[in-house]
Amino acid sequence: MAEKQSVAEGTLVLTLSSLFNRLLGFAYQVLVVRLLKAEGIGLFSMIYPVYVLFLVVASAGIPVAIARLVAEENARSNLAAAYRIFKLCMGCILVSALVLTLAILLYGPRMLDVVFDNPDVQPIFMVLTPGILIVAVCSGFRAFFQGLQQMTPTAVTQAVEQTVRVVCGAILAFLLVPAGTAWATAGAAAGVVLGEASGLLLMLAIYVTRRPVVTTKGPFYLEPPSITYRRIFSLAAPVTVSRVVSTALLSLDAVLIPKRLAAAGMSVSEATATYGKLVGMAQTLLFIPSILTISLATALVPAISGAHARGDRHLLFHHVASALRLTLLIGIPSAVLFLLLGENLCALLFGYPDAGVMLAFLALGGPFLYLAQTTTGMLQGMGKATQPLINLLIASLVKVVGVYYLTVVPALAVNGAALALAVHLLLMAVLNMRDIRRFTGFKLDYVNAVGKPGLAAAAMGLTVLWLDPSPENLLATAFAIVAGLVVYAMLVVGTGALAPEETARLRHLVRHLLGKNVS
């Protein structure tokens, strides 16, 4: 059996890498907005979801199969079979990614002409195209080491990838600014590909020097290739469908919202810039609290899965109730701050105070975004992974209708799209909550989970309104945020919203962020 890391060690390296990448990525987002302006961010935000969609299609869910099957064979000390599975999978990935890359190079410009109104997306997408093959291949190697329970190669290569992306993307964008917005944005896109290429080169070096050696001792059982392929695609197919659907919905937003803004009377350039403010600025800030809620959701999967598998209803309810209360304790004050200080935050960070109005509309759905993430983790832990996908489809259908009709309302314009996105988040959370109740019988204590944090958040909001910091004053804005959070924390403790078990759970969450296990 290949040497493996403990779960705690693996979690630690991945968590630290994730936090590093998120913080560096946010700093880069602030910098690149200053370089590319709203229109450049809009161009990148329009084309990137389409790029991700092709990445998902190229890898076809096979990395998930690699990780699972390699782990199974490694557990049996059958490393020869693990290598054979890896090689068969990599052959599939290479063929799929090469065919897709060639097809895009041949037919991509024609496709982009049909889908997007703005021709400036073309150079950006063509620069990104080589990344499809690079990322697909690298994901296969990462999955191989994950199957061996060696998480360090993934963490190290991701950190290097992000660093190269940030440095090269910023330099190239800066150098190409005189050539125009489209080419400066293409420079940032080139940084993405260079980062991915550096990650792949490092991963290849790790594979050559650090991969486990197959001993001559046996016996090894090598099943027929037909059976192996059946195992691979039985695992890869459902993952592919789920990921294609979710990324296709993001791509639909990137196509539909600019088109509806143009239908409302904006020029192509104005629609692109406005979309950049919505997605590249307002939505970026809305997702910041997700660092905590996604960690909570990740930690929940094994805890809830174990309680559900044992049929321990009391422990299951305890995990669900505690996680929902903690999510709301994080989400409600975050939404209030975004609602009241959106203009300040967008002005100080990005130089676009008008993006704060969009953030205020998105903030109406903020708590539901964080609830949707946590409840998705719960449903996955219960073995109901298809339910969040069905709920996503239902909520997305409502969102598409909302975007289509609300964006062209003169009094709303892009705020109509933001409102539709907020409704989508609300519906997703409500549907997930409905399924949790349907599968477990759990009922949320709204007084403690919503009422008390809501009361504390209202007092926090009044504090912020009383201080009324100007959008240009960084120190005043920072002081208002700190003062508001202090008031919120005091009232949360004073009203008993933070029960002893929540204090313990918060400690567990902090330990998880530091690489410990959540019980």
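Quote to one decimal, in nm, the extra length available between LEU444 and VAL482 on full extension: 0.36 nm per residue of separation minus the C-alpha distance between them.
10.7 nm
Could you give the alpha-carbon Rg of the chain over 2.2 N^0.38 Å, rounded to two decimals?
Normalised Cα radius of gyration, the chain: 1.00.
Give the value in nm², to one decimal: projected area of the alpha carbon convex hull of the stretch 135-220, averaged over all directions.
Answer in nm², one decimal: 6.4.
Rounded to the nearest 500, what is the 222 nm mean residue ellipticity of the chain from helices alone, with -39500 (n - 2.57) per DSSP H run of 4+ residues and division by all residues?
Taken over the chain, the calculation gives -28000 deg cm²/dmol.
Within the stretch 317-334, which residues have the backbone N less than 15 Å from the label spot 7 Å out from ARG437 along Cα→beta-carbon, could you tell me?
Correct set: 321.
When the chain is fully extended, how far beyond the present Cα-Cα distance does ALA27 get from VAL213, taking 0.36 nm per residue of separation?
Computed gain between ALA27 and VAL213 is 62.9 nm.
When only C-alpha pairs under 8 Å and at least 6 residues apart count, what is the relative contact order of the chain, in percent?
18 percent.
Binned at 5 Å from 0, what are the whole-percent values of the Cα-Cα distance distribution for the stretch 226-358, short to long?
Values per bin, smallest distances first: 2, 9, 11, 11, 13, 15, 12, 10, 8, 5, 3, 1.
Over the residues of the stretch 7-258, compute the C-alpha Rg and express it relative to 2.2 N^0.38 Å.
The stretch 7-258 yields a ratio of 1.08.
Dipole of the stretch 287-513, Cα-centred, from +1 at each Lys and Arg C-beta and -1 at each Asp and Glu C-beta, to the nearest 20 debye?
Rounded to the nearest 20 debye, it is 940 debye.
Applying 1/(1 + (r/R0)^6) with R0 = 41 Å to the Cβ-Cβ distance of ALA263 and ALA385, what FRET efficiency is obtained, to the nearest 0.05?
0.65
Can you run the Rg to Rh ratio on the stretch 287-513? Use alpha carbon positions and the Kirkwood inverse-distance Rh.
0.99
Bear in mind that the values in this text are calculations on the coordinates, not laboratory data. This one's a predicted model, so the numbers in the text were calculated from it and none came from an experiment. All Cβ positions, even for glycine, are placed from backbone atoms using ideal geometry, and neighbour counts span all protein chains on display.
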